[in-house]
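Just below is one structure, and these are the notes that go with it.
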Amino acid sequence: MNRALTAASLIVVSTLASAALAAPGAPGHSHNSGFSAGEPGNPKKPARIVQVVMREGDGKMMFIPDRVEVRRGEQVRFILRNNGELDHEFVLATKEENVKHAEEMKKNPDMEHDDPNAKRLKPKKKDEFVWRFTKGGTFEFGCLIPGHREAGMIGTVFVK
């Protein structure tokens with residue numbers, strides 16, 4: 001009886017710990033349950049290259065370009081370069097999802113992402129990811145570090 005109770009307790013604690021780590025407000029959380037803007041692409045297949053520069057200046061924070069048009073089904077290799085003096089993020093989702101996530105970031109500004117649709121870059125660094133736009137519509141890429149979105153660091157992806 002004691003062993004069964006101990007085993008059951010370990011299972012409950014293990015399950016709760018896993019749920020806490022996967023919770024949206026937890027450091028290092030992930031959104032692997034599905035994505036609004038499509039799905040992770042295959043880096044071994046051809047992709048159109050879209051370079052996006054992140055920077056700040058003149059009291060603004062920005063992505064250059066801040067508008068991208070793609071075809072439904074198209075695969076894009078986003079090459080991200082942080083030319084600024086601050087950390088910046090690129091998070092691809094719907095506007096509503098990014099606004100909600102930005103609120104979570106205010107509570108946990110050092111949150112690390114382990115998501116195929118998001119990258120955080122230190123100043124003067126670059127990174128990339130491949131994305132396949134399987135859904136039509138209007139999506140957003142934004143920097144969700146507190147204050148950056150409010151300073152204008154958002155962009156739009158139009159999928160036709």
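Under 8 Å by Cβ, and 6 or more places apart or on different chains, what pairs join a residue from the range 26-49 that is over 15 Å from Asn117 (Cβ atoms) and of a type in the set (D, E, K, R) with one that is assigned to a loop (DSSP other than H, G, I, E, B) and modelled with pLDDT of 95 or more?
Close Cβ pairs satisfying both conditions: Arg48/Glu74.
Can you pull out the residues in the range 30-77 that are assigned to a loop (DSSP other than H, G, I, E, B), of a type in the set (Asp, Glu) and closer than 18 Å to Val130 by Cβ? Walk me through how you get there before you give the answer.
The first filter runs over the range 30-77 and keeps only residues assigned to a loop (DSSP other than H, G, I, E, B), leaving 30-38, 41-47, 58-59, 65-66, 71-74.
Next, only the ones that are of a type in the set (Asp, Glu) stay: 58, 66, 74.
Result: Glu74, single match.
Take Val99 and decide whether it is assigned to a helix (DSSP H, G or I) and of a type in the set (Val, Ile, Thr). Outline the logic, then answer.
Numbers: assigned to a helix (DSSP H, G or I): yes; of a type in the set (Val, Ile, Thr): yes.
Considered against the rule, which asks whether it is assigned to a helix (DSSP H, G or I) and of a type in the set (Val, Ile, Thr), Val99 comes out as yes.
Within the range 73-102, count every residue that is within 13 Å of Val52 (Cα to Cα) and either surrounded by fewer than 18 Cβ atoms within 10 Å (Cβ to Cβ) or out of contact with any Leu (no Cβ under 7 Å at 6 or more places or on another chain) (or both). Before you say what the answer is, go through the steps one by one.
First pass over the range 73-102, keeping only residues within 13 Å of Val52 (Cα to Cα): 76-84, 88-92.
Next, from what is left, pick out any that are either surrounded by fewer than 18 Cβ atoms within 10 Å (Cβ to Cβ) or out of contact with any Leu (no Cβ under 7 Å at 6 or more places or on another chain) (or both): 76-79, 81, 83-84, 92.
Residues in the range 73-102 being within 13 Å of Val52 (Cα to Cα) and either surrounded by fewer than 18 Cβ atoms within 10 Å (Cβ to Cβ) or out of contact with any Leu (no Cβ under 7 Å at 6 or more places or on another chain) (or both): 8 in total.
What tally of residues in the range 114-132 results from selecting those that are crowded, with 20+ Cβ neighbours inside 10 Å and in contact with a Lys or Arg (Cβ under 6 Å, 6 or more places away or on another chain)?
Looking only at that region, the number is 0.
If you check every pair at least six apart or on different chains, which have Cβ atoms under 7 Å apart with a residue in the range 51-64 that is within 13 Å of Glu85 (Cα to Cα) first and a residue that is of a type in the set (Gly, Ala, Ser) and surrounded by 13 or more Cβ atoms within 10 Å (Cβ to Cβ) second?
Correct list of pairs: Met54/Gly84; Arg55/Gly84; Glu56/Gly84; Lys60/Ala151; Lys60/Gly152; Met61/Ala151; Met61/Gly152; Met62/Gly152.
Among the listed residues Phe35, Phe90, identify the single one that is of a type outside the set (Gly, Ala, Ser) and modelled with pLDDT of 95 or more. It would help to see each step written out before you state the result.
Numbers: Phe35 fails: modelled with pLDDT of 95 or more.
After applying the criteria, what remains is Phe90.
Please work out if Glu104 is farther than 20 Å from Glu74 by Cα, over 12 Å from the mean Cα position of the chain (by Cα), part of a loop (DSSP other than H, G, I, E, B) and not aromatic (Phe, Trp, Tyr). Break it down into steps so the answer makes sense when it comes.
Numbers: farther than 20 Å from Glu74 by Cα: yes; over 12 Å from the mean Cα position of the chain (by Cα): yes; part of a loop (DSSP other than H, G, I, E, B): no; not aromatic (Phe, Trp, Tyr): yes.
Judged against the criteria, Glu104 is not a match.
Among Val52, Val70, which is at pLDDT 95 or above and more than 20 Å from Glu150 (Cα to Cα)?
Val70
The values are calculated or read from the model by the stated rules, or taken from the named source; none is laboratory data. Predicted model only: the values in this text are computed from it and were never measured. Reconstructed Cβ throughout: ideal geometry from the backbone, glycine too, with neighbour counts over all protein chains shown.
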